[in-house]
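The block underneath contains the structure these notes are about, expressed in structure tokens.
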Amino acid sequence: MPCIIRRFGTSCLVASIAWVFAGASAAFAGGDSEAEWTLEQARKCWKPMTRAVQHVGVPGYQFQTGVMWDGAIVLGPLDGRNLKVMQQELAPLGKNFLHLSFGFGEPMRLVDRTGTNNPLIRRSLEGGRHPVPHVETRDGDLAWKETVFAHLLDRPADEWMDAKDNDTLVTHVVFKVKNTGHARRTGHLWMHFGDTGQVHFGYKCGQSPELGNGKIAPVIGQEISYKFEKPFGRVGDGVRFVIPQPSSGELACHEEVKEAQGIGGTPKNVLEWKVPLGPDEEAELRLLIPYGIVSQEAAEKIAALDSEKQLVEVLDFWKKLQYGPGRIRTPDPFFNDYLIAVAGQMAQQVAYRARSTKVWMYKTSPNHYEMLWPCNAAKALPAFDYRGLTELNRRVLQSFIDARTDDVGGLNRAGMGRGTVLAGEGFAAIPGFMGNFGEWTANPLLISHGLELWALASHYRITRDGKWLGSGPNSPLHAMIESFDWVAQQRKRTMREIDGKKVPYWGLLPAASAHDWLAGNTVFNDAFCIYGMTEVVRLLREIDHPRAEEMAKELCDYRQCLRDRYFEASRRARALPLADGATIPFVPRMVQELDWAKPDWTYTGYSPIRAGAFGIFDPRDELTDLALAYLETGMPKGEGAYFKSDVYQDTSNVNLADVNDPEAERHYMWRHYVEYETMWPIGGPLFLARDDLPRFFEWLFHNIGFVLHQEWRVGVESWDGVPSCAPGDGERWQIIRKMFVNEFGGYDGSRQSLWLLQAIPRSWLKPGDRSSVEAMGTAFGGTVDLNLRVAADGNSVTVKGALKKLAVKPKEIRVRLRSGDGRPLASAAVNGQAVAVQPGDVLLLPAATDGDFEIVGKF
């Protein structure tokens, strides 16, 4: 039986909502709602972020080396060092934290310490896509190039992902300098070895403008105490770094450097490499840094390393990992590089906590978010399966299974699970909760529970590995059913009345932590639990499990409860005034929070449209429409949350000026559908689910064009903030995948359909353009191949494709063929047979699990 969600009519609102969408679309798309954005146009609308950070590491090794925008090197972690589990992991490393700053020229000059996009510095990745960053700095006629990469000591590359508790990560920092002038020059490279008190990877990245004063973290903020005895930098009885004899020039140690530029304070205990160079002459210096203090024996092994050979091995490792199945090619080189880069960014953030709890985790961000946010991990994990990196994924998924408990920790407390107990029913001590990882837990969250369920079920649906799924106690299948039942039992606790009336959150989960400072009965929590349960029901139906329909009914009832409660809440809430004097109902993020002025720019501020984007509410439900209308029309002057942009005027917050003006009649919580916290992008999945291509392309190109550090192809959590947030990159990759291969529908856990080439932008469909998808895994099992070619005259398009060994037949298969100039699809043939063109340039293919097809469409 299909699940039918009861709806309540809102026909009187249709005109107002239509006005909102039309007006906002014109305002945000430059007045032409039919125009389609391009990446080039979108980039022109933003001042770029300036504080790029790239990380280098090895999948499985739990720590990574940060490379700052100016080439400075950071070894942390910067946060979480007070945790007992972290102290266990750090114990063998000694006082490992290090902030290594570089200056150039005479006198010593730090070129861009504070991050201003100084044109004397350029950044890139090896090949535009591999996690080997380069930083090029210009010092007059001298061109400096810094290359950074990492590997495990005494371990061949094919063993790197088999993490051991005694592994040593070695980072190579290789400087090459060339004299590009016609006269003889002398190069000066200055190295200042500080602790991490002068660097910050939080909501805004930063380096203190003064050396040695600890302005960011006053407890430390000092030079490390070392003695340089060539080639070793000694700390106590161990070795902190190694500088083999450079190819030419001299090394000297300075107690202090009094005339340093680009920095305040007096740098102390500074090493200088002084190298004379004739015209076109080059020289090289290598700095080798183990992640912690090492023994003399290990240091001698490090000193004997050949950096050139090691770089070849490192690049070979990354190419094999990044060039697997699930590859997407577009006509845009930047997209192609980014889509390859994501696999590397993600893989090096899979961490094995070897010495404490032996848990595998996918970290949110190296050096900063070292505690575990399972929700961030789970949302991105299917990207590993689609890319053929199942081995990495399973390690993290097993930790989800192993962590099941009846202890919810601080789930029913405010303040990230550490504050006051929330009023309400609380949670029963029953097995199956997947949001508590002990001391590693950053915040015990129901969204973690729901998304872990989703990730586990998605893994089976993609891989169709019955042996992994199992059936007995502690099998993945058992874990999913137990955790599904945990939700069903907990929500029964709220099915109560007061004075003969249902409580406002009847049938939803008890009040719980939802965000750093938001807690209660939130749509954020319930929606993502439903999301995970939906994927479990799909799985159970596909394997003909005896409990499938029973659990499908529970899912249907839960979805109905959520919709009913938020429909009721929207009618109790303060209506949102529009510019023309009309009002529309406000859909809140929490049933008790009935004022549209309360939500802010954090993840939870967009909660109701998240429910619509992922099918908890139908993507076209009136509640989804209203939630989107709230964001599109904005809030009236003087009310609602404003960004505190004045705090960071030297950063990319200046991009907020046109949506966050206190003097404007209205202000908004996003700009071109880009949120301030970008790690959980919502515009992409929402507009794809609604098949709203104009808004989708606006989101796509503005998101890709701004929230990635373009040179290093890496995303952030917040603008110019927490770096290398690869969970966001993993989700962004999945959204781009859905442009080509999109499983959709079946929001009640029923069979899904398959949409091929749903959202290919016209800028990728110019005469002669080609796009392809190779061996892309699907949620039906098996793979899809697609090759799209636009004719030289642009008047037709040919698609060659193949479905290979899908385990489940899609309910329907659609293909969309778009033109590069806006002309509609006039006719099409599949394997030589004419087929009808449906509205929206869509064709219907016969539902199948295998088969090749060739489609020719004419415009």
Q) Among the residues of segment 515-522, is there at least one that is out of contact with any Phe, Trp or Tyr (no Cβ under 8 Å at 6 or more places or on another chain), open to solvent by 10 Å² or more (accessible area, probe 1.4 Å) and either within 20 Å of G749 (Cα to Cα) or without any contact (Cβ under 8 Å) to a residue 24 or more places away in the chain (or both)? A) no
Q. Can we say G324 is small (G, A, S), modelled with pLDDT under 95 and surrounded by fewer than 22 Cβ atoms within 10 Å (Cβ to Cβ)?
A. yes
(Q) Where the second residue is part of a helix (DSSP H, G or I) and the first is in contact (Cβ under 8 Å) with a residue 12 or more places away in the chain and lies in segment 293-319, which pairs have Cβ atoms under 6 Å and are six or more apart or on separate chains? (A) E313/A157; F317/A157; W318/G344
Q: Report the residue count in segment 377-396 for those that are open to solvent by less than 10 Å² (accessible area, probe 1.4 Å) and in a helix (DSSP H, G or I).
A: 9
Q: Answer yes or no: is there a residue in segment 376-392 that is among the basic types (K, R), under 28 Å from E774 (Cα atoms) and in contact (Cβ under 8 Å) with a residue 24 or more places away in the chain.
A: yes
Q. What about V722, is it touching a residue at least 12 places away in the same chain (Cβ under 8 Å) and touching a Leu at 6+ places or on another chain (Cβ under 7 Å)?
A. no
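Conditions tested, residue by residue: (1) farther than 30 Å from K804 by Cβ; (2) of a type in the set (F, W, Y); (3) surrounded by fewer than 24 Cβ atoms within 10 Å (Cβ to Cβ).
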residue: H672; (1), (2), (3): yes, no, yes
residue: D692; (1), (2), (3): yes, no, yes
residue: G715; (1), (2), (3): yes, no, no
residue: F744; (1), (2), (3): no, yes, yes
Q: Quick one: D195 ticks every box in (1) touching a His at 6+ places or on another chain (Cβ under 8 Å); (2) among the acidic types (D, E); (3) within 29 Å of L392 (Cβ to Cβ) except a single one, so which number is it?
A: (3)
Q.
With the requirement that a residue be over 16 Å from R713 (Cβ atoms) and open to solvent by 10 Å² or more (accessible area, probe 1.4 Å), what does segment 35-61 give you?
A. A35, E36, W37, T38, E40, Q41, K44, C45, W46, K47, Y61
Q) Regarding Y505, is this residue part of a helix (DSSP H, G or I) and hydroxyl-bearing (S, T, Y)? A) no
Q) Residue check, R496 against (1) surrounded by fewer than 18 Cβ atoms within 10 Å (Cβ to Cβ); (2) closer than 22 Å to D407 by Cβ; (3) modelled with pLDDT of 95 or more, all met but one. Which one? A) (2)
Q: Out of the residues in segment 397-436 that are farther than 22 Å from K379 by Cβ and of a type in the set (V, I, T), state the one that is least open to solvent (accessible area, probe 1.4 Å).
A: I430
Q. Which one of the conditions (1) out of contact with any helix residue (DSSP H, G or I) (no Cβ under 9 Å at 6 or more places or on another chain); (2) of a type in the set (V, I, T); (3) more than 18 Å from P325 (Cα to Cα) does T783 fail to meet, given that it meets all the rest?
A. (3)
Q | Unique residue being under 37 Å from the mean Cα position of the chain (by Cα) and either open to solvent by less than 60 Å² (accessible area, probe 1.4 Å) or at positive phi (or both) when the list is F232, F241, F228 | A | F241
Q | Residues within segment 62-91 that are open to solvent by 10 Å² or more (accessible area, probe 1.4 Å) and out of contact with any helix residue (DSSP H, G or I) (no Cβ under 8 Å at 6 or more places or on another chain), tallied | A | 7
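Residue-by-condition table, conditions (1) within 25 Å of T50 (Cβ to Cβ); (2) in a strand (DSSP E or B); (3) at pLDDT below 95:
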site	(1), (2), (3)
N118	yes, no, no
E146	yes, yes, no
H151	no, yes, no
A163	no, no, yes
F175	yes, yes, no
G181	no, no, no
Q) Quick one: G794 ticks every box in (1) in a loop (DSSP other than H, G, I, E, B); (2) surrounded by fewer than 16 Cβ atoms within 10 Å (Cβ to Cβ) bar one, so which box is it? A) (2)
(Q) For the structure I just gave you, tell me whether I543 is surrounded by fewer than 19 Cβ atoms within 10 Å (Cβ to Cβ) and β-branched (V, I, T). (A) yes
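Rundown of residues vs (1) more than 23 Å from V707 (Cβ to Cβ); (2) open to solvent by less than 10 Å² (accessible area, probe 1.4 Å); (3) of a type in the set (A, V, I, L, M, F, W, C); (4) touching a helix residue (DSSP H, G or I) at 6+ places or on another chain (Cβ under 6 Å), yes/no style:
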residue: V587; (1), (2), (3), (4): yes, yes, yes, yes
residue: Y630; (1), (2), (3), (4): no, no, no, no
residue: D658; (1), (2), (3), (4): no, no, no, no
residue: E663; (1), (2), (3), (4): yes, no, no, no
**Q.** Failed item in (1) in a loop (DSSP other than H, G, I, E, B); (2) closer than 27 Å to Q54 by Cβ, with M361 passing the rest
**A.** (1)
Q) Any idea which of Q62, Q54 is among the polar types (S, T, N, Q), assigned to a strand (DSSP E or B), in contact (Cβ under 8 Å) with a residue 60 or more places away in the chain and touching a strand residue (DSSP E or B) at 6+ places or on another chain (Cβ under 9 Å)? A) Q54
**Q.** Checking C556 against (1) within 19 Å of R751 (Cβ to Cβ); (2) touching a Pro at 6+ places or on another chain (Cβ under 6 Å), the condition it does not meet
**A.** (2)
(Q) Restricting to segment 802-836, count the residues that are part of a loop (DSSP other than H, G, I, E, B), open to solvent by less than 70 Å² (accessible area, probe 1.4 Å) and within 22 Å of P767 (Cα to Cα). (A) 6
Q: Check off (1) over 23 Å from A380 (Cβ atoms); (2) at pLDDT 95 or above for G450 and give me the number that stays unchecked.
A: (1)
Q. Can you pull out the helices (runs of 4 or more DSSP H) entirely within segment 287-355 that have at least 3 residues that are among the polar types (S, T, N, Q)?
A. 307-322
Q: Report yes if some residue within segment 602-625 is modelled with pLDDT under 95, open to solvent by 40 Å² or more (accessible area, probe 1.4 Å), outside any helix (DSSP H, G or I) and in contact with a strand residue (DSSP E or B) (Cβ under 9 Å, 6 or more places away or on another chain); otherwise report no.
A: no
(Q) Under 6 Å between Cβ atoms, which residue pairs at least 6 apart in sequence (or on different chains) link something in segment 127-153 that is over 15 Å from R286 (Cα atoms) and free of Cβ contacts under 8 Å to residues at least 24 places away in the same chain with a partner that is not in a strand (DSSP E or B) and not charged (D, E, K, R)? (A) R138/L120
Q: Working carefully through the options A579, A569, find the one that is part of a loop (DSSP other than H, G, I, E, B) and either open to solvent by 10 Å² or more (accessible area, probe 1.4 Å) or at pLDDT 95 or above (or both).
A: A579
Q: With the checklist (1) of a type outside the set (V, I, T); (2) open to solvent by 10 Å² or more (accessible area, probe 1.4 Å); (3) part of a loop (DSSP other than H, G, I, E, B) in hand, flag the one item N367 doesn't pass.
A: (2)
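The values are calculated or read from the model by the stated rules, or taken from the named source; none is laboratory data. Quick caveat: nothing in here was measured; it's all calculated off a predicted structure. Virtual Cβ from ideal backbone geometry, glycine too; neighbours counted across all protein chains shown. With ligands, DNA and RNA removed, areas are computed over all heavy atoms of the protein, side chains included. Shrake-Rupley method; radii C 1.70, N 1.55, O 1.52, S 1.80 Å.
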